[in-house]
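The values are calculated or read from the model by the stated rules, or taken from the named source; none is laboratory data. Everything quoted here is computed from the prediction, not taken from an experiment. Cβ: placed from backbone, ideal geometry, glycine included. Neighbour counts: every protein chain shown.
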Amino acid sequence: MSTNSDGLRIALFFLVTLCSGAVGDEIRSGGKFPLVVSTWPFLEAVRAAWRSVDSGFSAVDAVVEGCSACEEPRCDGTVGPGGSPDENGETTIDAMIMNGVTMEVGAVAAMRYVSDGIRAARLVMQHTEHTMLVGEQASIFAISMGLPGPTNLSSEESREKWINWKKSKCQPNFRKNVMPIDDCGPYSLESILSFGERTCLSTKRAGLDQSGPYHVDRHNHDTISMAVIDKMGHIAVGTSTNGATFKIPGRVGDGPIAGSSAYADTEAGACGATGDGDIMMRFLPCYQVVESMRLGMEPKLAAQDAIARIARKYPNFVGAIFAVNKNGIHAGACHGWTFQYSVRSPDMDDVVVYTVVPEMPTV
Ligand code: SD4
């Protein structure tokens, strides 16, 4: 959550970057390492990661500190507990961590009753041979390994949001090709078939306008995705989100999917993503970005190329990416919304927020 002075800092920076024409350009981190990069102006999260990595902790430790600092105050309502109620009004957590030295990954998906997403993900990475645990079994594992729970992850705000959504007949929602199209469930395929030809099904979407998807914006759909390069030059990434508001229970977004919401390889660089995970996870954009940088592409072009590949198939999708290569050069690209990402490096007095406007790539 930004303080007033954070808000002022962001406004000032926005003005400065607009005036200098530096919005969205590729930036070289002067002092090099350590380096922290995060989606959105999650200033306290970046500061927490910075304190950790600057005092000598590893990139993995710093990612955990940074993402945790966003989970506790529920950044933007969509990270940590108490946000994004699903169709049943429940909040669940998706989170992932990746060590770019060992390529180990730990993730939890649709985790219930435990609010510490990134810590649960680290437990999976460091204390199992697995990569991902899901649902209630992820919660049982996390609690058995010492995390607090079971806890009700709803908040007054998420309950109110859900009650209002129920009152508006569960609109909008994520159903398609089912009946009823304009009310709450139970939903069925049978009743729609009675309308006639099966080819008509594609026009029967519940709560969705054919011209565009469920409206995705920062306040129903958000992720902290963070990359840290530590003093050794080792890279780690992590993500945490409570996903998409009014999602169908059981839905898992891109947050816990390595290569989609984030990816790291110390030999190449890192990437973090935010946006419509249901679309983005079909393209593994962060894997693409890191592999492009490995082949020599500059971060700006790598990020633009990954976003453009999605936009060609889904022109209405909303999403954004930051890319940072192993030398600390960073950039962002976005589609459908204006994106901001935050950086802290040794040559900065505090976190700097970069603004990226949507654009089609020149390639
Ligand atoms: C998801 N991508 O679950 C995540 C949440 C998000 O901005 O919005 N990120 O789809």
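Yes/no per residue for (1) of a type outside the set (A, V, I, L, M, F, W, C); (2) crowded, with 18+ Cβ neighbours inside 10 Å; (3) in contact with a Ser or Thr (Cβ under 8 Å, 6 or more places away or on another chain); (4) not assigned by TED's automatic domain parsing to the domain that holds G272:
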position: I310; (1), (2), (3), (4): no, yes, no, no
position: G319; (1), (2), (3), (4): yes, yes, yes, no
position: H330; (1), (2), (3), (4): yes, yes, yes, no
position: A333; (1), (2), (3), (4): no, yes, no, no
position: F339; (1), (2), (3), (4): no, yes, yes, no
position: S342; (1), (2), (3), (4): yes, yes, yes, no
- Message: Exactly one of these conditions fails for G66: (1) assigned to a helix (DSSP H, G or I); (2) out of contact with any Ser or Thr (no Cβ under 8 Å at 6 or more places or on another chain). Give me its number.
- Response: (2)
- Selected residue (only one of V114, V124, V79 is of a type in the set (V, I, T), outside any loop (DSSP other than H, G, I, E, B) and outside the structural domain of K169 (by TED's automatic domain parsing)): V124
- Only one of V351, V356, V324 that is aliphatic (A, V, I, L, M) and touching a His at 6+ places or on another chain (Cβ under 6 Å): V324
- Task: Could you identify the single residue in T245, T199, T239, T203 that is among the polar types (S, T, N, Q), modelled with pLDDT under 95 and within 15 Å of the ligand (Cβ to nearest atom)?
- Result: T245
- Check D254 against each of (1) assigned to a helix (DSSP H, G or I); (2) near the ligand (Cβ under 8 Å from one of its atoms); (3) touching a helix residue (DSSP H, G or I) at 6+ places or on another chain (Cβ under 9 Å) and name the one condition it does not meet. (1)
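Results for (1) closer than 22 Å to G277 by Cβ; (2) assigned to a helix (DSSP H, G or I), shown as yes or no for each residue.
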| residue | (1), (2) |
| --- | --- |
| C70 | yes, yes |
| M98 | yes, no |
| A110 | yes, no |
| G146 | no, no |
| G185 | no, no |
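Mind telling me which of the residues A268, A311, A273 ends up being of a type in the set (A, V, I, L, M, F, W, C) and within 12 Å of the chain's Cα centre (by Cα)?
A273
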